[in-house]
Amino acid sequence: MADYDFDVLIIGSGPGGYVAAIRAAQLGLKTACVESRETLGGTCLNVGCIPSKAMLHASELYDAAANGMMAKLGIKTSVELDLDTMHGQRLDAVKQLTGGIEFLFKKNKVEWIKGRAAFTGPDTVQVGERIIRARNIVIATGSSVTPLPGVTIDQQVVVDSTGALELPKVPKHMVVIGGGVIGLELGSVWRRLGAQVTCVEYLDQILPGFDGEIRKEANRIFKKQGITFRLSTKVTGVSVDGDKATLTVEPAAGGAAETIEADCVLVSIGRRPNTDGLALDKTGLAVNARGQIDIDHEFRTAVAGIWAIGDVVPGPMLAHKAEDEGIAVAENIAGLTGIVNHDVIPSVVYTWPEIAGVGLTEEAAKERGEVKVGKFPMAGNSRAKTNHEPDGFVKVIADAKTDRVLGVWAIASVAGTMIAEAALGMEFGATSEDIAYTCHAHPTHSEAIKEAAMAVRGKAIHV
Ligand SMILES: Cc1cc2nc3c(=O)[nH]c(=O)nc-3n(C[C@H](O)[C@H](O)[C@H](O)COP(=O)(O)OP(=O)(O)OC[C@H]3O[C@@H](n4cnc5c(N)ncnc54)[C@H](O)[C@@H]3O)c2cc1C
């Protein structure tokens, strides 16, 4: 160790940082993790994946009871919303899971250094009064909400995702700016609890980055659920008067402006990497044009001994991608071979139904060569039928020559769980035939993946 305090110092305890810390410690490296929040777990556990899923789950059950689904199953209910209790169970989930990371740090002998880290040199950071020198430093500082120029987030009327998780009452009219994953998830929560929801999206379709057919079908389903979409529309201003907001919008291609009134505006136009205050200049590192820290395949930055992972580096801003990078970077630091296959990172939207995909969209796959596509509707899946979940489909995209699966996309109540099978298959280089001839338990939603794989060669049974 000589004069180093730690073998590995990680800045940030989100799913990238805390997983890297635990793995590094497991590999026998003396490890510390600096975190400026009061609790461990980063965006994901504190204000992201976990609290949003707690609200999505609770609001889904409320919706089922309030909107007649329970009655359809023969369960009579009289429904009353207790929003305080709903928020309470969200906070409880966050508390238990962030506390769980603290326990894992202690168990694995990872030192938690509380405070904000700033570099003072390529192998040294300062946290409060403490100067820490480490042989390896991993930047895992994550991301924050991208602000909309000219729009002030007051967390009362105009909120970001964090404010939208904590609204003390159900808005009458919520306008969601941005039709991406976070906007649709949180818009769905408040729609289910009784808000009228309008989603304004600059592009001509929601869910950028997803397969084209999936985007269209998702739009249709959300519309049917009552969300109003204003596509190809840009928000040019938001003014707040008391508890009311007035948004000025105009067609993205130019044209006459109009206004929309709301009592809650959710700004969810994306997230940007966190590098402010890190004093990267003290290391010789610079960020790229998108504000990210560039890395090589092994997560090394341009400066020896400094590594970076998670939302602060290029790639999808997803917790599981950050976690896998956390394991890989620790293994690389320990001299092992840590690899993440960035071609096989699943994406999930936890709405009702869920929307999930892995690999290439049909559009991207066709740009690379000839493909064969198999589709199977959830209406033909027996489990979806018994559960009254007729919406959605599964789509398998395979290389026309080799039959290797290039992408799988699904809209189904449990698409987020189903997509793991597709990711595993693709990781092992599966062909559509491999999936089609794998025995799937009946009756499960996953049979729809098998049938879509069969349909790649025109052989689905239940359509
Ligand atoms: C509402 C919402 C819902 C989401 N839902 C999902 C989901 O369902 N699935 C999914 O995969 N992803 C989801 N995400 C995205 C996911 O949360 C992120 O991709 C993930 O948290 C990134 O992990 P990370 O480790 O890179 O950084 P983060 O989780 O952002 O953690 C970085 C940590 O570093 C700390 N930090 C920053 N700078 C410093 C410093 N200088 N010194 C000390 N500490 C510092 C921060 O306080 C933060 O705690 C969601 C995000 C939001 C906002």
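Within the stretch 155-182, the set of residues being away from the ligand (no atom under 14 Å from the Cβ) and buried (at least 19 other Cβ atoms within 10 Å of the Cβ) comprises VAL157, VAL158, PRO171, MET174, VAL175, ILE177, GLY179. Looking only at residues in the stretch 387-412 that are in contact with a Pro (Cβ under 7 Å, 6 or more places away or on another chain) and not in a strand (DSSP E or B), the one that is nearest to GLU362 (Cα to Cα) is GLY392. Residue pairs whose Cβ atoms lie under 8 Å apart, separated by 6 or more positions or on different chains, with the first residue in the stretch 271-286 and on the phi < 0 side of the Ramachandran plot and without any contact (Cβ under 8 Å) to a residue 60 or more places away in the chain and the second crowded, with 19+ Cβ neighbours inside 10 Å and not in a strand (DSSP E or B), are LEU285/ILE293; LEU285/THR301; ALA286/LEU280.
Taking (1) of a type outside the set (Ser, Thr, Tyr); (2) assigned to a loop (DSSP other than H, G, I, E, B); (3) free of Cβ contacts under 8 Å to residues at least 60 places away in the same chain in turn, PRO168 satisfies each apart from (3). Put simply, of SER239, SER268, SER232 the only residue that is hydroxyl-bearing (Ser, Thr, Tyr), surrounded by 22 or more Cβ atoms within 10 Å (Cβ to Cβ) and farther than 24 Å from GLY121 by Cα is SER268. Evaluating THR152 against the criteria (1) surrounded by 18 or more Cβ atoms within 10 Å (Cβ to Cβ); (2) of a type in the set (Val, Ile, Thr); (3) within 25 Å of the chain's Cα centre (by Cα); (4) more than 14 Å from the ligand (Cβ to nearest atom) leaves one unmet condition, (1). Restricting the stretch 300-315 to residues that are touching a residue at least 60 places away in the same chain (Cβ under 8 Å) and within 12 Å of the ligand (Cβ to nearest atom) leaves a set whose member that is surrounded by the most Cβ atoms within 10 Å (Cβ to Cβ) is GLY310.
Can you name the residue in the stretch 22-42 that is more than 11 Å from the ligand (Cβ to nearest atom) and part of a helix (DSSP H, G or I) and is also surrounded by the most Cβ atoms within 10 Å (Cβ to Cβ) among such residues? Of everything passing the filter in the stretch 22-42, ALA24 is surrounded by the most Cβ atoms within 10 Å (Cβ to Cβ). Of all residues in the stretch 1-23, those that are under 15 Å from GLN126 (Cα atoms) have Cβ atoms under 8 Å from Cβ atoms of residues that are within 15 Å of the ligand (Cβ to nearest atom) and assigned to a loop (DSSP other than H, G, I, E, B), 6 or more apart or on another chain, in ILE10/ALA140; ILE11/ALA140; ILE11/THR141; ILE11/LEU278; GLY12/ALA140; GLY12/THR141; GLY12/GLY142; GLY12/ASN274. Where strands (runs of 3 or more DSSP E) sit wholly within the stretch 43-147, those with at least 2 residues that are within 11 Å of the ligand (Cβ to nearest atom) and under 21 Å from the mean Cα position of the chain (by Cα) occupy 143-145.
Among the conditions (1) free of Cβ contacts under 8 Å to residues at least 60 places away in the same chain; (2) within 20 Å of ILE306 (Cα to Cα), the only one that LEU97 does not satisfy is (2). Restricting the first member to the stretch 34-48 and to residues that are modelled with pLDDT of 95 or more, and the second to residues that are near the ligand (Cβ under 6 Å from one of its atoms) and among the hydrophobic types (A, V, I, L, M, F, W, C), the beta-carbon pairs closer than 6 Å and six or more apart or on different chains are VAL34/ILE11; VAL34/ALA117; CYS44/ALA319.
The values are calculated or read from the model by the stated rules, or taken from the named source; none is laboratory data. Everything numeric in this text was worked out from a predicted model, so none of it was measured. Neighbour counts are summed over all protein chains in view; Cβ atoms, including those assigned to glycine, are modelled from backbone coordinates with ideal geometry.
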